[in-house]
Amino acid sequence: RPDIPAQLVDGLNPPQREAVEYRGDALLIVAGAGSGKTRVLTHRIAGLIATREAWPSQILAITFTNKAAAEMRERVGQLLGDSVEGMWISTFHSACVRILRREAERFGYPQGFTIYDSADSKALMKRIVKSLEAESLGVTVPTALNRISSCKNELIDPDGFARKTDLTNPREQLILEIYRQYQRELQRNRAFDFDDLIAQTVWLFRAHPDIAALYQRRFRHILVDEYQDTNHAQYALIRELTRPVAAENVPLDTRIQLAADGSIPPASLTVVGDSDQSIYAFRGADIRNITEFERDFPGAKTILLEQNYRSTQTILDAANAVIGNNFDRRVKNLWTSAGSGKQIQGYAGRSAHDEAQFVADEIHRIHGTGVSYNDMAVFYRTNAQTRALEEILIRAAVPYRLIGGTKFYERAEVKDIVAYLMSIANPNDELSVRRIINSPKRGIGPASETTISNYAADNDMSFREALRQPDAMGFGLKIRNAVAELAAALDEAEASCNPQRPTGAVPVATMLERLIERIGYIEKLRATGNPQDDARADNVEEFVNVAKEYDKQNPSGNLVEFLTEVALVAAADDIDDESGVVSLMTLHTAKGLEYDTVFITGVEEQLLPHKMSADEPGGLAEERRLFYVGITRARKLLHLTMAMSRTQYGETAPSLPSRFLDEVPNELIDWKQSPAEVLSAPMMRGGGGYGGSSYGNSSYGGYGRGGGRGNSELGVARGSGLKQSFKPTRGNRTFDNQVTGKVKDNSALELASGDRVRHTDFGEGTVRAVLGVGTKRIAEVDFDTAGRKKLLIKIAPLEKC
Ligand code: ATP
Ligand code: MG
C-alpha cells in the first residue's frame, strides 16, 4: 500500500480513506449527497502526486462545472502545500476543447475555431428551419436542435442518422436534411457547437489511433466527479482514454511501466456518483453508466460512503424519505452525527409574490442573526419563477445574484464584442462577422449584407475577405466607406495580435480597447442618452475588464485562449463568494453546491414535478431526484415554499401543493402558513397576483430602504449594476432573413407518375405518385434496387433522368 502522507488521510472515515488509498484499474465510489465524494476525489489526486505515483501532468480530473474545477485545483494545491502545474482538472467540454485545439490541423480546422453557444446554434438553426420551411411540417427550431443534440450525445452523425431513422417518414427526412445543413454550416464557419466538442473528440480518437494513443499514454489517472450525469458521448470518451496502448504505438523513451508484451496498460479510472442525483436525462445523461460500471470495467472495486457531513439529521431524514419513493434504486443509508438541528420551515403563500415576500423576510431575519448572504440560496424549478422573486427581493433590498439564466455573456452587447473577437480570431466565421456588420449601426442593411454574401459565394472567398473589396460590389459611397472601414478595423486588430509582429502581439485587452475606440461602440451607446444604452455600455466596459483580468492572469495568453475561456464559462461559474449576495438558481444548477440556508420555492404540482415530466417515462422519478438534490444542498436550515395561486403567461390559476411535500414526514416541517390555512382564511383583497393578504401584512416597507429602488427595465443601481441587472437587455437581432450558403431547394422540380428519376443514395427509380402541394409535395418512388420510398421533393437529392 502506498505511503500516503498523514495529512491527506487524517480525518477521513474508513471507507473514505480506503477510497483514497485503493490502487487498481477501476474504482467506483457510489454514495449519497454530502458524503464526501468530491472530497475523496480531491484527496486521491493529492495522494497520487504526493507519493510520486503520478506526475501532475498524468492526471485528468473531470468536474461538472469550471467553478468546481477551480476549487478542486486550489484544494489539491492546499493539500500538497504547493500549487501544482500541468494537471488537467476541468469539465468534459474544456478538456475536449483543449484536445481539439491541439489537434485542429488533423481535421482541417484552424486552431482558433469558434465555439457556438446555445444562442449561436439557435440563430443558425432558425435560418435553416426557415429556408426549408420546416415549421410547416411541424419541425420547429427547438425540435430540430433537440433532435440534433440527442444524436450528438449518442454519437450519431448525419449518415448514422440516415441509417437509423425511418426515412419513409417525410418529417424524418426533413430532420436529416436539417442535420446535414446544420453540420455543413458549422463546418463552413469552422465552428463547433457544445455537443460537438465531445462527439468530435471521440470521433477524432476513433479515426486517428495515433492521436488517441498520445492521450492514452499521457493520462495515467482519470477521475470523474458526478459520473451519474455523463451521457453516452462522454462515456465513450472515457472508454477511448482508458484503452491500453498497443505496443506499436509505444515510443521508446516512455517513462511508464510497460506490460509484458510491450504495451502500455490502461489508465486507472476513478468515478464517483450518486444515482439518486441523476438529473440530466433530458440531455442524454445515462444512469446506466454508473449502474453498469462493474460490467463495463471488469474487476472494478466499489466503495460505498454512508456518513453525511453536510446536513442535519432533519434535512437528511426529509431527503431519505422523499427519495425512498423512487423504485429500482440501491437503498442507501445516509446518516450524520450533526444532530437533528432545526425543523424545516414550510410556507404556503397566497400568490407568488406572497411566497417571495416570505423568502425576503426570512432572508432578512436570518441575516440579522449573523448569517452572511453568501450562505443562503434560493432555488426554483423554472427560470420563469424568478420574476416575482426578483421584484420582491429588490424592493426588500436583499442583495442577490442570479446564477445561470440570462448570463452576462448572453447579453446582446457582450455577444457583439465577442463576435468581433471571433471574427478576428477566425476569419471564416461568417456568423460572427454578420452579427457585427451593422453593430454599431453603420448603414449596412440586410440588402447590402446579402450583396456581400453573394459576392463572397460567387468569388469563392470568405465573407470577411469580401469586406475588403467594397469597390467590386457596386455600393454607393456611404456604404462603400462603411464596409471598407469595418474591414480595416478588423484587419488592424488582427494584425496587432499577431505574435509574429516585430514588437510581439499586444495584450488582448489593449487590442480590444483600440478596436472599441475605433468602431465607436461605447461612444455611440453613451450618446443616445437612453439609460438602457448606458447599462449596455457599462457591460461592454465590464467585458474589457474581463479581458484585462485575463491578460493579468495569463501573461503569455492570446486571443484564441481568451475566447476559449469566455466560451466555456458555465452557469455555476458566475458564483462569486466574495460579493455578499444571496444566490438564486435553478435546481439543476445547484448540483454539487452547499449552503447553510436553502429555500426551495414553488414546491407545487405542475412545477415540481414539472408538468412536462408527466409525459415522459421516468419523468416523475427524475423530478423527485431533482427535489432530492435541492434538499441535500442545505447544511442547517431548509425552507420549502409554494404559492396557492400562480400567474403564468398572464393567467392566474390556483395551484396545488406538490405531492413531494406529502412525502416529507409531517413532524419534520414547521408550517409558518400551511396550504390549509390559506384556503380557510378569508381573502382580503382577492386571490392571485399582488393581492394576497399576507403580502400586505408582511414587513415589506419596514426596512426603510425598500420601494422605488428597483426598475424593472434597468440594472439595479446597487453593486456593479452589471451583476444585479434585473431584467436582461436582450438583443433581438437574428439572421432570419439572411440565407447564407447555397440551400438546396428542389421544390421547383416538376414530377409526374411514370417519370424516371435518380436519387443520390437510392439510385434510379420510377415515380409512382406525387402527393400534396407546394413545398410539401411528396413523391412516391419505386427504386430499382432500394424499393419503394416516399420523398419530400423539396429537399430530396433527386433529379430526372
Ligand atoms: P454531492 O453529492 O452533493 O456532490 P459529495 O458527496 O461530493 O456531495 P462533498 O461535497 O465532498 O460531498 O462533501 C460534503 C461536505 O462534507 C463538504 O463540506 C466536505 O468538506 C465535508 N466532508 C466530507 N467528508 C468529511 C470528513 N471526513 N470530515 C469532515 N468534513 C467532511
Ligand atoms: Mg460532490
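Only the coordinates and a few stated rules stand behind these numbers; no lab work does. Computed from a predicted model, the values in this text were never measured in an experiment. For neighbour counting, all protein chains shown are included, and Cβ atoms are generated from backbone atoms with ideal geometry for every residue, glycine included.
For the reader, a short list of remarks on this structure follows.
- For THR586, the residues 5 or more places off, or on other chains, whose built amide H falls under 5 Å of its own are TYR380.
- Take the Cα of ARG514, step 7 Å toward its Cβ, do the same at ASN554, and the gap between the two points is 2.0 nm.
- Rounded if a/c under 1.5, otherwise prolate or oblate - region 373-500, Cα gyration tensor axes: prolate
- With R₀ fixed at 45 Å, the C-beta to C-beta distance from TRP671 to GLU565 puts the FRET efficiency at about 0.45.
- Value at 222 nm in deg cm²/dmol, rounded to 500, when DSSP H runs of n ≥ 4 in the chain each add -39,500 (n - 2.57): -12500 deg cm²/dmol
- Average projection, convex hull of the Cα set of region 29-131: 10.0 square nanometres.
- Fully extended contour minus Cα-Cα distance, from SER150 to GLN500, at 0.36 nm per residue: 121.8 nm
- Here the residues HIS353, HIS221, HIS364, ranked from fewest to most Cβ neighbours within 10 Å of their Cβ, fall in the order HIS364, HIS221, HIS353.
- Sequence-distant residues sharing a close amide H with ALA769 (under 5 Å, placed H): GLU780
- Take the Cα of MET612, go 7 Å toward its beta carbon, and the backbone nitrogen atoms of region 268-300 under 13 Å from that spot belong to 280-284.
- Calculated FRET efficiency, LYS478 to PHE282, Cβ-Cβ distance, R0 = 45 Å: about 0.35 to the nearest 0.05.
- With eigenvalues of the C-alpha gyration tensor scaled by 5 and rooted, region 255-318, Å: 34, 17, 10
- Taking only the Cα atoms of the chain, the radius of gyration and Dmax are 28.7, 85 Å.
- Protection proxy ranking, highest mean first, for peptides 107-115, 307-315: 307-315, 107-115, where packing is the per-residue count of other beta-carbon atoms within 10 Å, averaged.
- Amide H partners (placed H, <5 Å) of SER658, local residues excluded: GLU604, GLU605
- The protection proxy used here, the mean number of other Cβ atoms lying within 10 Å of each residue, ranks peptides 586-596, 491-501, 203-213 as follows, highest first: 586-596, 203-213, 491-501.
- Measuring against 30 Å, Cα to Cα, the residue pairs LYS415/LYS478; LYS478/LYS524; LYS164/LYS800; LYS152/LYS332; LYS130/LYS164 contain LYS152/LYS332 as the ones spanning a longer distance.
- Percent antiparallel among DSSP beta bridges (both partners in the chain, rounded to 5): 35
- Sorted by Cβ neighbour density within 10 Å, fewest at the top, the residues VAL582, VAL250, VAL9: VAL9, VAL250, VAL582
- Spherically averaged projected area in nm², based on the convex hull that wraps the Cα atoms of region 160-311: 13.6
- Cut-off 12 Å (backbone N to label point 7 Å along Cα→Cβ of ARG106), residues of region 183-217: 201-217
- Sequence of LYS552, LYS122, LYS415, LYS789 once ranked by neighbouring C-beta atoms within 10 Å, starting from the fewest: LYS552, LYS122, LYS789, LYS415
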